Amino acid sequence: MAAIGMYTACDRFGSPGIQMKLQRKPISPLLALLFSVLLPVVLLTAGVASALFRDSPDWTEPFPPFQIAGNLFYVGSRDLASYLITTADGNILINSDLEANVPMIKASVEKLGFNFNETRILLISHAHWDHDAGSATIKKMTGAKYMVMDADVPVVESGGASDFQYGSSPANLYPPAKVDRVLHDGDTVKLGGAELVAHLTPGHTKGCTTWTMKVTEKGRTYDVVILGSPNLNPGYKLVDNAAYPQIAADYGRMWKVLKSLPCDIFLGAHGSYFGMAEKFARLGQSTNPFLDPGGYTQFVNEKEKAFDDELARQKAATKSP
């Protein structure tokens, strides 16, 4: 930030549209003191909070890669989930995560004994920087085909600039990546005998995607659900949202879809959704801890209730005099 007093300050403070222009004349010590006290508050409310929101140490903390079941493996950080599906014809990766996480993901894939450069298909759960910022890098490294749900395509190809909530915040932008295949609700992604189904579960983003697949382990076949995101982020406006008018209805659609999916193995875009670290600690027991249909149902119901409560609160607030 430029000096205050006889100089002109004209800086961007981490959020678009915030510029301070001071005339070339002295200001009183009291005014300077007030400025120094109030400026951090202004910055926080104007958008720096979104930058702080992304600074979770769990997002970049390495975590041991491991086999979930069959040909499905975890290769993400402690909280940003990335999944590897292996086949004889190459591999599928779900979620590129942060740019800083790409070397970690590569190392995890190789620690499991697989070749990262054999990543043939790259998918994401939804178009937020913590799940897709590394996509351009992974495409360049591996030549993988990038496949994204239709409503999220403009966001990933603009590097986040067209996102309804975060597009105007420079802290939340990332390198754009060209989409090779536009997906639609119910589309399948196939490679070497593996088959995933893309379910549109919008709200968190317009193209938020929940992936389902089947895995076979010890002669038994299980239904896997990799949940996109049911979260309401801070600042999400559910009523009279000009940037996303159908947001509340889309969340309603999502709950119906999620409740309709058969689930044996419950996974998601964040490890915290499904107690990843705690379940990992129990691997090797007689029953695979990731077999958790009850946990899936409970998680969805809790998130739906939180949404209903917030929607009711926002509707009541709009009716207040």
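Read-outs: derived from the displayed coordinates by stated rules, not from any lab. Because the structure is predicted, anything quoted here is derived from the model rather than measured. For neighbour counting, all protein chains shown are included, and Cβ atoms are generated from backbone atoms with ideal geometry for every residue, glycine included.
Brief remarks on what is shown
- Relative packing of 144-155, 282-293, 243-254, which averages over residues the other C-beta atoms within 10 Å, highest first: 144-155, 243-254, 282-293
- Sparse packing (at most 16 other Cβ atoms within 10 Å of the Cβ) combined with a DSSP loop state is found for none of the GluC sites (Glu not before Pro) in the range 276-321.
- Classification of the range 139-243 by its C-alpha gyration tensor yields an oblate form. The axis ratio a/c (a ≥ b ≥ c) is 1.5 or more, and b/c is at least a/b.
- Local charge for Trp255 was computed over the other residues whose Cβ lies under 14 Å away, with Lys and Arg +1 and Asp and Glu -1, and equals -1.
- FRET E, pair Lys140, Asn233, Förster distance 25 Å, beta-carbon r, rounded to 0.05: 0.30
- Between Thr216 and Lys259, the simple label model (points 7 Å from Cα in the Cβ direction) yields a spacing of 3.4 nm.
- Rounded to 5, the percent of DSSP beta bridges in the range 74-181 classed as antiparallel: 45 percent
- Listed peptides 197-203, 173-179 by packing density, highest first (mean Cβ within 10 Å): 197-203, 173-179
- In terms of its C-alpha gyration tensor, the range 221-321 comes out prolate, because a/c is 1.5 or above and the ratio a/b outweighs b/c.
- Cα gyration tensor category, rounded, prolate or oblate, for the range 181-221 with a/c compared to 1.5: oblate
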